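Structure record follows, encoded as structure tokens.
The values are calculated or read from the model by the stated rules, or taken from the named source; none is laboratory data. Keep in mind that this is a model prediction, so the values were computed, not measured. With ideal geometry, Cβ positions are generated from the backbone for all residues, glycine too; neighbour counts draw on all protein chains shown. For accessibility, only protein heavy atoms count, side chains too; no ligands or nucleic acids. Shrake-Rupley method; radii C 1.70, N 1.55, O 1.52, S 1.80 Å.
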Amino acid sequence: MAYWKTQGLRGSTFEEMINLTNQLYLQRGLGIIQKIPTPITPVEVNNKARIITSAYFEKKSTVDFIGVAQGLAICFDAKETNQLNLPMRNIHAHQVDFMENFRKQQGVSFLLVNFLSKGETFLLPSETLARYHGLAQDGGRKSIPYRDFNPDLIVPNKNGFPVHYLVAVNAYLKQPKEGKSP
């Protein structure tokens with residue numbers, strides 16, 4: 001059973017920027033994408049500060065966000081890294097499986113990966129993630145290097161959208177099927 005301590009809030013600023021973007025998408029009629037809460041059971045609570053200080057996860061989560069944008073079903077998970085690579089230990093097999101099954105049902109599934117040291121965010125398609133995950137499981141590289149992220153799938157901060165990932169989704173959809181991997 002997995003336990004959560006206060007470091008469980010890593011990436012919360014990035015997720016808040018995504019939430020703000022999702023609110024703007026809804027207001028402007030571009031889509032409805034929502035954060036999926038991870039079910040937890042509190043173990044320790046600081047009643048004075050009204051915060052949970054320790055908890056365990058009730059079940060495995062799938063992805064952080066799911067919804068529909070302009071008739072297209074999308075799901076994605078948000079990841080941040082201080083390194084010049086994305087460690088595969090931060091991505092669980094059940095998440096990869098969920099995203100791949102979602103994609104096989106004609107949805108678009110991906111990771112949004114924020115490289116803090118570069119100030120850049122990329123869309124990483126689920127089929128690319130699945131390939132790297134498989135290589136890691138077979139004893140290969142345990143991370144995805146920054147250089148392997150597709151520059152065509154960079155997520156801009158523009159038009160008032162802090163994480164305007166629909167721009168990268170559109171770029172991804174325009175790529176030839178064989179070219180969807182970085």
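Taking into account only those residues within segment 152-170 that are open to solvent by 40 Å² or more (accessible area, probe 1.4 Å) and touching a helix residue (DSSP H, G or I) at 6+ places or on another chain (Cβ under 8 Å), which is nearest to S117 (Cα to Cα)?
The first filter runs over segment 152-170 and keeps only residues open to solvent by 40 Å² or more (accessible area, probe 1.4 Å), leaving 152, 154, 157-160, 167, 170.
Next, from what is left, pick out any that are touching a helix residue (DSSP H, G or I) at 6+ places or on another chain (Cβ under 8 Å): 152, 154, 158, 160.
Working: D152: 19, I154: 15, K158: 20, G160: 23 Å.
This residue is I154.
Among the residues of segment 78-102, write down those that are open to solvent by 40 Å² or more (accessible area, probe 1.4 Å) and acidic (D, E).
Passing the criteria: E80, D97.
Considering only segment 46-76, state which residues are assigned to a loop (DSSP other than H, G, I, E, B) and either closer than 30 Å to L173 by Cα or modelled with pLDDT of 95 or more (or both).
K60, S61, T62, V63, D64, Q70, G71
Give me a count of the residues in segment 158-182 that are at pLDDT 95 or above and assigned to a loop (DSSP other than H, G, I, E, B).
Result for segment 158-182: 3.
I'm trying to understand the selection: among the residues of segment 58-112, which are under 21 Å from R147 (Cβ atoms) and not aliphatic (A, V, I, L, M)?
Across segment 58-112, the qualifying residues are K79, E80, T81, N82, Q83, N85, P87, R89, N90, F110.
Do the conditions hold for R89, that is, is it part of a loop (DSSP other than H, G, I, E, B), over 21 Å from I36 (Cβ atoms) and modelled with pLDDT under 95?
No.
Which of the residues that make up segment 92-102 are out of contact with any strand residue (DSSP E or B) (no Cβ under 9 Å at 6 or more places or on another chain) and not in a loop (DSSP other than H, G, I, E, B)?
A93, H94, V96, D97
Which of the residues belonging to segment 129-153 are in contact with a Leu (Cβ under 9 Å, 6 or more places away or on another chain) and more than 18 Å from Q83 (Cβ to Cβ)?
Passing the criteria: N150, L153.
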